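K.L.:
My questions all concern the structure below.
Please treat every number below as a calculation from the coordinates, not as lab data. Source: prediction; values computed, not measured.
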Amino acid sequence: MKDGKFLTLGIETSCDETAASVVADGRIVMSNVISSQIDIHTQYGGVVPEIASRKHLEKINDVIRKALDDAGVCPEETDLIGVTYGPGLVGALLIGVAAAKTMAYALDKPLVGVNHMHGHIAANYIEYPDLKPPFMSLVVSGGHTEIVNVTDYNKCEKLGGTRDDAAGEAFDKVARVIGLGYPGGPKIDKASKEGDKDAIHFKRVYLEDGSYDFSFSGLKTQALNYLNSERQAGREINVNDVAASFQEAVMEVISDKAVAAAKEYKRDKIVMAGGVASNSRLRELMEEKAAEEDIVILKPSPVLCTDNAAMIASSAYYAYQNGEESGLDLDAVPGLEF
């Protein structure tokens with residue numbers, strides 16, 4: 001506790017960002033330190049789990065120390081330790097969990113394990129200080145595409161999710177084949193701005209009536225088959241047109257389903273979350289379609305869309321206020337469900 005504020009130290013190591021943050025009263029970011037490994041993994045075309053784990057181990061202490069220094073607090077002044085314990089890469093998660101448990105034990109502070117996906121939603125509590133549940137949430141990231149009905153700070157009902165490839169995974173694979181490289185999402189988004197979204201018709205997969213699930217595997221295969229056939233025929237491929245057309249097919253389905261869910265459940269707000277939530281075309285489509293139904297779209301700034309520890313600290317704060325606490329036997333759960 002400092003200046004009457006409840007301080008949560010958040011720790012995030014689910015994939016390839018080593019992050020730590022101090023957040024006051026669940027909403028006020030006092031520090032937000034992120035050490036990214038993107039440059040390291042780009043040469044491999046994706047995240048290499050073993051390398052990610054080693055880099056987390058190298059960086060974790062320095063990142064936590066800097067987060068505390070930037071916030072102007074000493075470890076003893078923190079009131080709660082929050083840490084991502086899943087889903088994610090098991091080796092990466094273990095580094096963060098071990099660091100959090102060590103600090104909780106040494107400082108005699110309560111510990112809360114946070115579901116990474118709940119953290120993404122909580123990023124909006126930081127961005128919008130007056131935001132309160134209930135609302136509908138659209139969580140779109142490298143490994144997840146989910147529509148979630150948030151009824152309270154600690155109560156989330158998943159209405160639909162990906163049945164195969166998540167949007168981010170599909171973007172990475174298509175971007176690699178058309179030569180844009182890794183990470184695919186931002187590169188396709190950038191290329192799309194110079195392309196024609198109507199140049200190539202890729203199918204929109206809505207699945208059965210009333211379903212809020214997603215399937216992008218078939219769309220990804222269609223895009224790859226198109227590229228192969230064009231190359232075999234010796235025709236020049238317009239990378240920007242492929243990027244724009246593929247992106248449109250993905251984002252149109254996502255936005256249609258998210259707005260339909262909000263309408264069915266009578267939610268007047270859709271909260272966007274996850275790395276892909278920073279995609280410019282998805283934001284445009286969400287705004288357009290939601291406006292037709294008098295639904296407000298809320299979206300975090302890009303730094304809060306990507307993996308960060310401020311969102312983990314916020315989620316941990318609300319879980320702790322609800323009476324939740326983890327023991328020192330907390331373990332990484334790489335396949336943790338929503």
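K.L.:
What angle, in degrees between 0 and 90 and rounded to the nearest 10, separates the Cα long axis of helix 310-321 from the longest principal axis of the Cα atoms of the chain?
P.N.:
Helix 310-321 and the main axis of the chain meet at about 60 degrees.
K.L.:
In addition: Give me the base-10 log of I(q)/I(0) for the chain at each q in 0.11, 0.12, 0.16 Å⁻¹, Debye formula, one uniform scatterer per Cα, rounded to two decimals.
P.N.:
For the requested q values the scattering log ratios are -0.70, -0.82, -1.32.
K.L.:
While we're looking at this one, here's another question. Run down the aspartates and glutamates and flag those whose C-alpha is under 18 Å from the C-alpha of K5, throwing out any fewer than 8 positions away in its chain.
P.N.:
D25, D69, D70, E76, E77, D79, D130
K.L.:
Stick to Cα atoms and the Kirkwood definition of Rh, then tell me Rg/Rh for the range 298-338. Before the final figure, lay out the partial values.
P.N.:
Details: Rg = 12.8 Å, Rh = 12.4 Å.
My calculation puts Rg/Rh at 1.03.
K.L.:
May I ask for the angle, rounded to the nearest 10°, between helix 167-177 and the longest principal axis of the chain, with both axes built from Cα atoms and the value confined to 0 to 90°?
P.N.:
For helix 167-177, the angle is close to 60 degrees.
K.L.:
I want to verify the translational diffusion coefficient of the range 113-186 in µm²/s; compute it with Stokes-Einstein, Rh as the Kirkwood radius over Cα pairs, at 25 °C and 0.890 mPa s.
P.N.:
Working: Rh = 13.6 Å.
Here the translational diffusion coefficient equals 180 µm²/s.
K.L.:
What's the center-to-center distance, using Cα atoms, between the range 268-285 and the range 211-243 in Å?
P.N.:
Measuring centre to centre over Cα atoms gives 23 Å.
K.L.:
Beyond 19 Å, what share of the Cα-Cα pairs of the range 133-300 is found? Please give it as a whole percent.
P.N.:
On the way: 7414 of 14028 pairs.
Result: 53 percent of Cα pairs exceed 19 Å.
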